[in-house]
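Single-structure report; data block below.
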Amino acid sequence: MTKPNKKVLFICLGNICRSPAAHGILEHIAGSELEVESAGTSAYHVGEKADARMRKAASERGINLNSISRGFKIKDFEYYDLIITMDDSNYFNITNLDYQNEFKSKIFKMTSFLSEKYSDVKEIPDPYYGGSQGFEFVLDLLEDACKNLLDKIKKGEL
Ligand code: 4NP
C-alpha cells in the first residue's frame, strides 16, 4: 500500500470543541501519515486553546489537543485535500465560500464517515452549551468517523 500523504482540514464554528477534537483524534490514529489541521467558520475564539472541557474529555481517552483556534481562510481550499465539516451550518458556510464550485469535491460532512450504528446522526452536535455527556457523545462520534475516514484514505478511496 502506498503511503497516503493527504492534508485534512476539519471545520466547525468556534474551532475550540469539535474540529480540534477531530484533529487530535485523526492525528493520534494516523501518526505522521497525514497532515491534519482544524479551523472555524467564525472568529469568536481565534487564538484560544481548545475548550477545557473538551481537552479534559479527550485526554481521558489518551488524546492531547494542542490546537490554537483559527478562522478558515480562502487559501485553505487550495492547500487541503479534504475539508470536513461538522454540521450543516458549517457545510453551508464553506460551500458558499466556494461559490464557483471549484473545490466541491474536497468538501465533506463528517457524518458521511460514521458507521452504520450512527446512521440516525445527521450532524456532529455542538457541545458548547451542554453538559459533559455532550462532549463524550461528540468524542464517540468523532472516534468512529475518524477511523472510517482513515480506512478510506488508506484504501485510496479518498
Ligand atoms: P465548536 O463549538 O464549533 O465545536 O468549536 C462552539 C464553540 C463556541 C461557540 C459555539 C460553538 N460559541 O458560540 O462561542
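The values are calculated or read from the model by the stated rules, or taken from the named source; none is laboratory data. Being a predicted model, the structure only gives us computed values, none of them experimental. Heads up, the Cβs are rebuilt from the backbone with ideal geometry, glycines too, and the neighbour counts pull from every protein chain shown.
Points worth noting:
- In the stretch 70-83, the residue that is nearest to Ile153 (Cα to Cα) out of those that are in contact with a Leu (Cβ under 7 Å, 6 or more places away or on another chain) and part of a strand (DSSP E or B) is Leu82.
- Test: residue in the stretch 70-87 that is within 16 Å of the ligand (Cβ to nearest atom), modelled with pLDDT of 95 or more, under 18 Å from Glu123 (Cβ atoms) and not hydrophobic (A, V, I, L, M, F, W, C): yes
- Filtered residue count, the stretch 1-29, keeping only those that are under 20 Å from Thr111 (Cβ atoms), assigned to a helix (DSSP H, G or I) and not hydroxyl-bearing (Ser, Thr, Tyr): 9
- Scanning the stretch 91-116 for residues that are of a type outside the set (Ser, Thr, Tyr), more than 16 Å from the ligand (Cβ to nearest atom) and closer than 22 Å to Gly62 by Cβ yields Phe113, Leu114.
- Residue within the stretch 41-52 that is more than 16 Å from the ligand (Cβ to nearest atom), on the phi < 0 side of the Ramachandran plot, without any contact (Cβ under 8 Å) to a residue 60 or more places away in the chain and assigned to a helix (DSSP H, G or I) present: no
- Scanning the stretch 26-38 for residues that are without any contact (Cβ under 8 Å) to a residue 24 or more places away in the chain and in contact with a strand residue (DSSP E or B) (Cβ under 9 Å, 6 or more places away or on another chain) turns up at least one hit.
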